[in-house]
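Colleague: This is the structure I have questions about; it appears just below.
The values are calculated or read from the model by the stated rules, or taken from the named source; none is laboratory data. The structure presented is a predicted model; accordingly, all values stated were derived computationally and were not measured. Don't worry about glycine lacking a Cβ; one is built from the backbone with ideal geometry, like all the others, and counts go over all protein chains shown.
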């Protein structure tokens, strides 16, 4: 049964039922569209690639889309990237049952055809202002990956280039073309 009172806090969102995909942004519930087959394939491929590397190197945990990160309070903001990585030293011994407190070290957003540039940049800014070390934006239409380390600066990688992990995932690399492979 869907809730009838407005959801304005992370606690209310955590216990709400009957909601489709959504995020809470500065106390306002924002509905999200379900991802397409292309979106899901790209996110899963990237998740598997990053997760394999993270596991092999014992670097921390890799989290799938739908994992909520509470990145602000009063008003509350809960965002959910398509792929996330959290360094081992930041992973609590007992995993919390609620939203992850704070940002991931790496957040990746895979664009959908209906995403608006301003909304995507607002997400990037939210992640970075919360302390995320890097944000990747994967664009299936242009077959590019943009990597943000600050709100005003992005490295845009074409399908002919290689995505590396920098200081967030040292030693990680994958050809951008592999992210978009069928």
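Colleague: Among the residues in segment 97-113, are any modelled with pLDDT under 95 and farther than 22 Å from residue 31 by Cα?
Modeller: Yes.
Colleague: Within segment 3-13, can one find any residue that is under 20 Å from residue 178 (Cβ atoms), in contact (Cβ under 8 Å) with a residue 12 or more places away in the chain and out of contact with any helix residue (DSSP H, G or I) (no Cβ under 9 Å at 6 or more places or on another chain)?
Modeller: Here is the first cut: in segment 3-13, the residues under 20 Å from residue 178 (Cβ atoms) are none.
No: zero hits.
Colleague: Also, quick follow-up: Of all residues in segment 138-182, how many are in a loop (DSSP other than H, G, I, E, B), within 20 Å of residue 111 (Cβ to Cβ) and touching a helix residue (DSSP H, G or I) at 6+ places or on another chain (Cβ under 9 Å)? Steps first, answer last, please.
Modeller: Residues of segment 138-182 in a loop (DSSP other than H, G, I, E, B): 140-143, 151-152, 158-161, 165-172, 180-182.
Of the ones still in play, those that are also within 20 Å of residue 111 (Cβ to Cβ) are 140-143, 151-152, 158-161, 180-182.
Subsequent filtering for residues that are touching a helix residue (DSSP H, G or I) at 6+ places or on another chain (Cβ under 9 Å) retains 140, 143, 151, 158-161, 180-182.
Total satisfying the criteria: 10.
Colleague: If you don't mind, another one. Determine the pairs where a residue that is within 14 Å of residue 124 (Cβ to Cβ), located within segment 140-165, has a partner that is part of a strand (DSSP E or B) and modelled with pLDDT under 95 with Cβ atoms under 6 Å apart, the partner being 6 or more residues away or on another chain.
Modeller: 146/154; 148/154
Colleague: Residue 62 is checked against (1) touching a residue at least 40 places away in the same chain (Cβ under 8 Å); (2) closer than 25 Å to residue 94 by Cβ and fails just one. What number does that condition carry?
Modeller: (1)
Colleague: What residue, among those in segment 88-120 that are outside any loop (DSSP other than H, G, I, E, B) and touching a residue at least 40 places away in the same chain (Cβ under 8 Å), is nearest to residue 168 (Cα to Cα)? Break it down into steps so the answer makes sense when it comes.
Modeller: Here is the first cut: in segment 88-120, the residues outside any loop (DSSP other than H, G, I, E, B) are 88-90, 100-101, 106-110, 117-120.
With touching a residue at least 40 places away in the same chain (Cβ under 8 Å) added as a condition, the list becomes 106, 108, 110.
Working: 106: 7, 108: 13, 110: 19 Å.
So the residue we want is 106.
Colleague: Given the criterion in contact with a strand residue (DSSP E or B) (Cβ under 9 Å, 6 or more places away or on another chain) and closer than 18 Å to residue 35 by Cα, identify the matching residue among 85, 99, 180, 172.
Modeller: Details: 85 fails: closer than 18 Å to residue 35 by Cα; 99 fails: closer than 18 Å to residue 35 by Cα; 172 fails: closer than 18 Å to residue 35 by Cα.
Matching residue, one of 85, 99, 180, 172: 180.
Colleague: Of all residues in segment 124-137, which are in a loop (DSSP other than H, G, I, E, B) and surrounded by fewer than 24 Cβ atoms within 10 Å (Cβ to Cβ)? Spell out how you get there, then give the answer.
Modeller: First pass over segment 124-137, keeping only residues in a loop (DSSP other than H, G, I, E, B): 131-133.
Within segment 124-137, 131, 133 qualify.
Colleague: Across segment 56-73, what is the number of residues that are surrounded by fewer than 13 Cβ atoms within 10 Å (Cβ to Cβ) and modelled with pLDDT of 95 or more?
Modeller: Adding up the residues that qualify gives 3.
Colleague: A follow-up question, please. Inspect all residues belonging to segment 25-41 and state whether any of them is crowded, with 19+ Cβ neighbours inside 10 Å, farther than 29 Å from residue 114 by Cβ, in contact with a helix residue (DSSP H, G or I) (Cβ under 8 Å, 6 or more places away or on another chain) and in contact (Cβ under 8 Å) with a residue 40 or more places away in the chain. Break it down stepwise before answering.
Modeller: Our first condition is that a residue be crowded, with 19+ Cβ neighbours inside 10 Å; within segment 25-41, this holds for 25, 39.
Cutting the leftovers down to farther than 29 Å from residue 114 by Cβ gives us none.
No: segment 25-41 contains no residue that is crowded, with 19+ Cβ neighbours inside 10 Å, farther than 29 Å from residue 114 by Cβ, in contact with a helix residue (DSSP H, G or I) (Cβ under 8 Å, 6 or more places away or on another chain) and in contact (Cβ under 8 Å) with a residue 40 or more places away in the chain.
Colleague: Moving to a separate point now. Step by step: first the residues of segment 142-165, then only those that are loosely packed, with under 15 Cβ neighbours inside 10 Å and modelled with pLDDT under 95, then the one that is farthest from residue 77 (Cα to Cα). Which residue is that?
Modeller: So the residue we want is 153.
Colleague: Limited to segment 1-60, what total is found for residues that are assigned to a helix (DSSP H, G or I), under 30 Å from residue 172 (Cα atoms) and more than 19 Å from the chain's Cα centre (by Cα)?
Modeller: Kept after step one, since they are assigned to a helix (DSSP H, G or I), are these residues of segment 1-60: 10-15, 37-57.
Now narrow it down to the ones that are under 30 Å from residue 172 (Cα atoms): 37-57.
Then drop every residue that is not more than 19 Å from the chain's Cα centre (by Cα), which leaves 56-57.
Counting residues in segment 1-60 that are assigned to a helix (DSSP H, G or I), under 30 Å from residue 172 (Cα atoms) and more than 19 Å from the chain's Cα centre (by Cα) gives 2.
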